[in-house]
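Every number in this text was worked out from the coordinates using simple rules, so none of it is lab data. Keep in mind it's a predicted model, so treat the numbers as computed, not measured. Cβ placement follows ideal geometry from the backbone for every residue including glycine, while neighbour counts extend to all protein chains displayed.
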Amino acid sequence: IAFVVSPQNLFASVKNEIIIKLRNINNIEFDFTQSTNKAVEVGSCYLAFPKKLKCIYRDNKNKELIINNNSLAITQKRYDKTYYYPISKSPFLNLLRKNELIKIIEEANLEELDNLIYLTYIGTDDQVFTIIFDNINFELQGWKMLDVFNNNIVFRIKIKSLNSNLDKELFKIPKLN
């Protein structure tokens, strides 16, 4: 008996491994490096499904980004300023909704390169979004996308912990001044 393994079967198997791992994750704590065009920022984040993210940047502005459902607040603590943005149309929001993320993984084109899995998805608005996973342990490694200002954003992560007990206050959007 001969077994024929097609690339489609291999890709389906890889995607299934990622999805199985993802289904068991409620939240992730990670360090990040974010490259936007030529600017590089670093910090740490807490991501909780669904639609909650807090990132603390290690910069001279003491910047914090909080997403809670469809609200986004960016605070520059050094200047005591908070800016509010709606994000309901951002493809990034799909990363924060586990069920949407799983659909994207299922539909995305898969490419393996340098021990990483690149899953590239083209949204209904032709927005290209790539999610990056490790090809050995299938952990999330980051993502690439264009933002609303056509900036190329590469967000690379290093997971510190999974499924921690996170305080709900962590994702509280600051009040308008």
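Things worth noting here:
- Remark: for residue pairs K61/K144; K38/K98; K38/K81; K38/K144, the C-alpha separation exceeds 22 Å in K61/K144; K38/K98; K38/K81.
- Given charges at beta-carbon only (K, R positive; D, E negative), |dipole| of the chain in Debye: 820 debye
- For the cross-link pairs K77/K103; K21/K172; K54/K175; K51/K77; K15/K172, the ones whose C-alpha atoms lie over 26 Å apart are K77/K103; K21/K172; K15/K172.
- In degrees, nearest ten, helix 7-23 long axis to first principal axis of the chain (Cα): 40 degrees
- Amide H contacts under 5 Å for G43, placed H, 5+ residues apart: F32, R58
- Radius of gyration over Kirkwood radius for the range 61-115, both on Cα atoms: the Rg/Rh ratio is 1.16.
- Three-way shape call for the range 121-177 based on the alpha-carbon gyration tensor, with the a/c threshold at 1.5: oblate
- Geometric descriptor of the chain, per residue, is 131 Å³ (volume of the convex hull of the Cα atoms).
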